[in-house]
Structures are given as C-alpha cells and as structure tokens.
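Below you'll find the structure, written out as structure tokens, and then a few comments.
The values are calculated or read from the model by the stated rules, or taken from the named source; none is laboratory data. Just so it is clear, the structure is predicted and the values come from calculations on it, not from any experiment. Cβ coordinates were reconstructed from backbone atoms using ideal geometry, including for glycine residues, and neighbour counts include every protein chain displayed. Please note that ligands, DNA and RNA were not included when accessible areas were found on the heavy atoms of the full protein model with its side chains. Shrake-Rupley method; radii C 1.70, N 1.55, O 1.52, S 1.80 Å.
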Amino acid sequence: MNLLIENIKQLVHTEEKPVQWAKGRAMAQVNVLDDAWLWIEGDRISDFGPMTALNKEELLQGKTEVQFLDATNKLVLPSFVDSHTHLVYPVSREAEFVDRIRGLSYEEIARRGGGILNTARKLKEVSEEELFVSALERLNEIIAFGTGAVEIKSGYGLNWEGERKMLRVIRRLKEVSPLTIRSSFLGAHAVPQEYKGKQEKYVDVVVNEMIPQVAEEQLADFVDVFCDRGFFTVEDTERILEAGQRYGLRGKIHANELDFSGGIQAGVKYNALSVDHLEYTGDAEIEALLSSETMPTVLPGAAFFLNMIEAPARKMIDAGLPLAMASDFNPGSAPSGNMQLILSMASIVFKLLPEEALNATTLNGAYALGLSSELGTIARGKKANVYITKEISGLSFLPYAFGSNKVETVILNGAVQTTKK
Ligand code: NIG
Ligand code: FE
C-alpha cells in the first residue's frame with residue numbers, strides 16, 4: 001500500500017540530512033515545511049515537498065493501491081518515541097497513591113515492602129495471557145496519543161520465572177503490535193524480599209544466571225538497573241553493566257532519581273545508551289555526560305506524580321547536552337503513557353521551547369533506543385510512523401493545549417490505524 005498526504009498545513013521535523021541526535025542549541029531547531037505533501041511507499045517515508053512542486057502524475061506513475069489523505073489545516077509530525085516504560089504490569093497501585101497523599105513517601109512505601117515489591121507479588125498471581133492482554137490495551141491507548149515506538153522493561157518478576165514471563169510477554173507484543181518495540185531486562189529493579197540483607201547475592205543471580213539466560217533466549221535488547229539510594233549501588237550497577245556488555249546488552253539505566261547516586265557516571269563509564277530520571281544532576285554529572293555517547297533522559301511524569309525536585313533539564317541543554325524525555329509509564333510512579341502530556345510538561349515545567357520538547361520526545365528518544373536512523377523525524381527512507389493532527393494553528397499549540405488529544409490520524413509502518421477515541 002502507498003499513501004499520499006496532501007495539503008499539509010505544516011510538515012514538521014523534516015530532515016534532508018539525518019542526524020543521530022539533537023544537542024544543545026540544535027535542540028531548538030526543527031524544520032517545518034508549509035503547505036506540503038508526504039509520499040509513503042510501503043512502510044517507508046519515500047518523499048516530501050511543497051504542494052507547489054507536487055507532480056502527481058509523475059509520482060503516481062505505475063503505482064497501484066494508493067490511498068489519499070487530505071490534511072488541510074492540519075499538521076503532520078513524526079510519531080513520539082517513548083524510550084522508557086514499564087507498561088507490562090499486573091495491576092494498578094492507587095492505594096499507595098492515596099498513602100502518599102496522606103504523607104508517606106515513595107521510599108517509605110518501598111521500605112515497608114510496597115512499591116515495586118507489591119507489584120512483584122501481584123505478578124505471580126496473573127497469567128502470561130492476562131499480562132499480555134492488559135499491556136496490549138495500554139499499547140493501543142498510547143498509539144491513539146501519537147506514540148510510534150516504545151521501550152518496555154521487565155523488572156516486576158525479580159526472579160527468573162517472573163522476569164522471563166514479562167520478557168516473553170514483551171516479545172509477543174513485538175510480534176503483534178504495529179508499534180516498534182524494544183525491551184530491557186531490569187532484573188535489578190528492587191532487591192526481592194528473600195534477599196534482604198544480602199543484596200550482593202541477588203546481584204550474583206542477576207549477573208551469573210539471569211543475564212546469560214536473557215541473552216541465550218534473546219529476550220531483551222538492553223539491560224537496566226535501578227542505581228539509587230535504597231536500591232542498587234554503583235558497584236552492583238557496574239557489575240551488571242559489565243555483564244550486559246559481555247552478552248551484547250547495552251545499558252539503559254535508572255539513575256539519580258533519589259540522590260546523587262553515582263549512577264550517571266557509572267552509566268557513562270560503561271557506555272550506556274541512556275541514563276534516565278536525573279533529578280539529582282550537578283556539574284560533575286553534566287561534565288561526565290558531555291564527553292559521552294549516553295543520552296540523558298528525563299521522565300517528567302514520574303517527577304510530577306511523586307512531587308519530586310525537577311531534573312535540571314534546561315541547564316543540561318544550555319551546557320550543550322542532548323536530552324530525551326519519556327513517559328516512564330508504570331503503576332507506581334507514572335500511571336500514564338501519554339507523550340503529548342510529556343511534551344506539555346517539557347515546556348511548562350522544564351521550560352523547553354516547543355521545538356526542544358519535540359526533539360526530546362522524537363529524535364532523541366529514538367537515539368535512546370538505538371533507532372534514530374529509523375525513526376524520530378520525517379526523512380526519506382525512515383519508517384513511516386507519523387500522525388496527522390486535528391485542525392490546529394501550529395507546533396506550539398501541541399505543548400500549549402495540555403490534556404486534550406490533538407492527534408487525529410495515526411500512521412504506523414505506512415498504514416492508517418483505527419484507534420479508539
Ligand atoms: O522508573 N524508579 C524505579 N522504577 C520505576 C517505578 C516502578 C514502580 O514504582 O513500580 C520508575 O519510576
Ligand atoms: Fe522507570
């Protein structure tokens with residue numbers, strides 16, 4: 001199937017010469033083509049240009065099965081790339097949400113055996129099929145909000161049986177969903193109850209048993225660790241990242257959410273693809289990131305939901321760094337995968353210009369999944385994961401009008417999706 005979108009009010013984020021990421025001042029640069037067309041062949045972006053230069057006869061010559069869409073007064077953008085989620089989970093945790101309203105902190109809840117351990121207990125009670133069905137529903141929800149690629153982590157099993165169950169669910173999701181999906185093995189998400197007081201023993205299991213098994217069964221693309229106060233230490237993290245390297249699993253880690261944990265430096269040392277959360281980022285952390293290929297990733301939904309201090313996103317960009325933003329969709333700290341909301345928070349809370357916010361949620365998210373040559377912008381040869389907005393004034397309206405769904409038509413792999421409204 002081929003698809004021609006005509007009369008596009010603005011074709012946003014086009015690239016003639018694709019780059020792997022946008023950093024520093026370049027984050028504020030987004031190419032916009034007014035009154036444009038976009039030609040999709042099969043699952044790829046084939047060509048684009050201004051309507052005044054559209055030679056339809058030539059373009060369509062010899063082409064059968066062409067679908068036409070009119071985007072008068074509408075924008076076309078590359079789909080969001082959500083580079084950090086935990087959207088395979090058994091049940092929601094609104095009881096803990098109410099506990100936090102009453103004054104308990106996320107860390108106190110975790111210390112009492114709630115939080116991640118709560119979800120890990122629930123995971124044992126649900127079947128692989130149930131996990132799959134509920135996650136697929138979440139995927140369909142984020143598709144309707146404009147997401148075109150997503151990373152999903154394990155991390156609620158905390159033993160091989162449970163981790164494997166989650167990773168198998170993610171593998172099945174990869175097979176059936178039109179989304180581009182990448183998976184991360186997060187065995188070191190929390191220390192399981194039975195290993196309390198002997199954390200290194202659990203890390204031994206992760207390093208010596210689970211990671212080799214993940215690699216053997218090709219169950220994940222990346223390896224993750226929650227490197228923070230009360231969770232895993234720098235030493236634990238380095239052991240896991242090193243094991244990941246040996247088995248071809250690059251790191252994408254949780255770092256510096258609760259303290260200056262040393263996680264950012266550990267991630268950089270082991271050439272992690274991304275370090276995520278980053279509420280506690282100072283000059284030393286920025287310095288380390290500046291000479292790295294690691295994508296700093298901020299998760300505004302989690303910071304908002306847990307009322308945390310804000311990561312110094314503005315300062316990082318002004319220092320010349322690239323920055324990605326993702327949803328962290330999970331039952332404990334970010335029960336939403338709506339990337340339009342993340343785009344709004346990027347501008348409203350973190351003071352990113354609409355262009356910077358767009359780069360953070362598209363191209364840089366794609367980099368954080370090793371996908372920036374495939375996704376994240378409108379470029380010839382890239383995968384045709386794009387959306388058409390409702391009738392709106394321009395790019396700035398997207399972060400401005402927070403809370404409503406501005407996406408009207410979703411195209412994934414070149415095919416128009418029927419999304420639930
Ligand atoms: O990214 N910080 C660690 N892990 C998740 C939360 C997981 C949970 O509470 O279930 C996060 O915020
Ligand atoms: Fe997370």
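Every residue in the range 182-225 that is touching a residue at least 60 places away in the same chain (Cβ under 8 Å), within 22 Å of ARG121 (Cα to Cα) and within 16 Å of ligand 2 (Cβ to nearest atom), please.
Those that are touching a residue at least 60 places away in the same chain (Cβ under 8 Å), within 22 Å of ARG121 (Cα to Cα) and within 16 Å of ligand 2 (Cβ to nearest atom): SER184, PHE185, LEU186, HIS189, ALA190, ASP224.
Can you tell which of ALA144, ALA120 is in contact (Cβ under 8 Å) with a residue 60 or more places away in the chain and in contact with a helix residue (DSSP H, G or I) (Cβ under 9 Å, 6 or more places away or on another chain)?
Result of the check over ALA144, ALA120: ALA120.
Within the range 55-72, is even one residue touching a residue at least 40 places away in the same chain (Cβ under 8 Å), within 29 Å of VAL150 (Cβ to Cβ) and in contact with a Lys or Arg (Cβ under 8 Å, 6 or more places away or on another chain)?
Looking for residues that are touching a residue at least 40 places away in the same chain (Cβ under 8 Å), within 29 Å of VAL150 (Cβ to Cβ) and in contact with a Lys or Arg (Cβ under 8 Å, 6 or more places away or on another chain), one finds at least one in the range 55-72, hence yes.
If a residue has to be within 21 Å of GLN218 (Cβ to Cβ) and in contact (Cβ under 8 Å) with a residue 40 or more places away in the chain to count, how many in the range 245-271 make the cut?
Within the range 245-271, residues that are within 21 Å of GLN218 (Cβ to Cβ) and in contact (Cβ under 8 Å) with a residue 40 or more places away in the chain number 3.
Could you check the range 230-310 for helices (runs of 4 or more DSSP H) lying wholly inside it with 3 or more residues that are more than 23 Å from SER372 (Cβ to Cβ), under 20 Å from the mean Cα position of the chain (by Cα) and in the same structural domain as GLU217 (by TED's automatic domain parsing)?
300-305
Give the number of residues within the range 250-291 that are open to solvent by less than 10 Å² (accessible area, probe 1.4 Å) and among the basic types (Lys, Arg).
1
Just a yes or no: is a residue in the range 68-76 open to solvent by 40 Å² or more (accessible area, probe 1.4 Å), within 30 Å of ILE170 (Cβ to Cβ) and part of a loop (DSSP other than H, G, I, E, B)?
Within the range 68-76, none of the residues are open to solvent by 40 Å² or more (accessible area, probe 1.4 Å), within 30 Å of ILE170 (Cβ to Cβ) and part of a loop (DSSP other than H, G, I, E, B).
Name the one entry in GLN245, GLN193 that is open to solvent by 50 Å² or more (accessible area, probe 1.4 Å), at pLDDT below 95 and polar (S, T, N, Q).
Result: GLN193 is the single residue among GLN245, GLN193 that is open to solvent by 50 Å² or more (accessible area, probe 1.4 Å), at pLDDT below 95 and polar (S, T, N, Q).
For the structure I just gave you, tell me whether PHE329 is within 16 Å of ligand 2 (Cβ to nearest atom), of a type in the set (Phe, Trp, Tyr) and within 13 Å of the chain's Cα centre (by Cα).
Judged against the criteria, PHE329 is a match.
Give me the helices (runs of 4 or more DSSP H) completely within the range 88-130, filtered to those with at least 2 residues that are touching a Lys or Arg at 6+ places or on another chain (Cβ under 9 Å) and near ligand 1 (Cβ under 10 Å from one of its atoms), ordered by residue number.
106-111, 116-125
It is to be established whether one or more residues within the range 46-56 are within 17 Å of LEU363 (Cβ to Cβ) and of a type in the set (Val, Ile, Thr).
No, the conditions are met nowhere in the range 46-56.
Any residue in the range 94-106 that is in the same structural domain as ASN118 (by TED's automatic domain parsing) sitting within a Cβ distance under 8 Å of a residue that is of a type in the set (Gly, Ala, Ser)? List the pairs, counting only those 6 or more apart or interchain.
Close Cβ pairs (under 8 Å, with a partner that is of a type in the set (Gly, Ala, Ser)) amount to GLU96/GLY114; GLU96/GLY115; GLU96/GLY332; ASP99/GLY114; TYR106/GLY115; TYR106/GLY332; TYR106/SER333.
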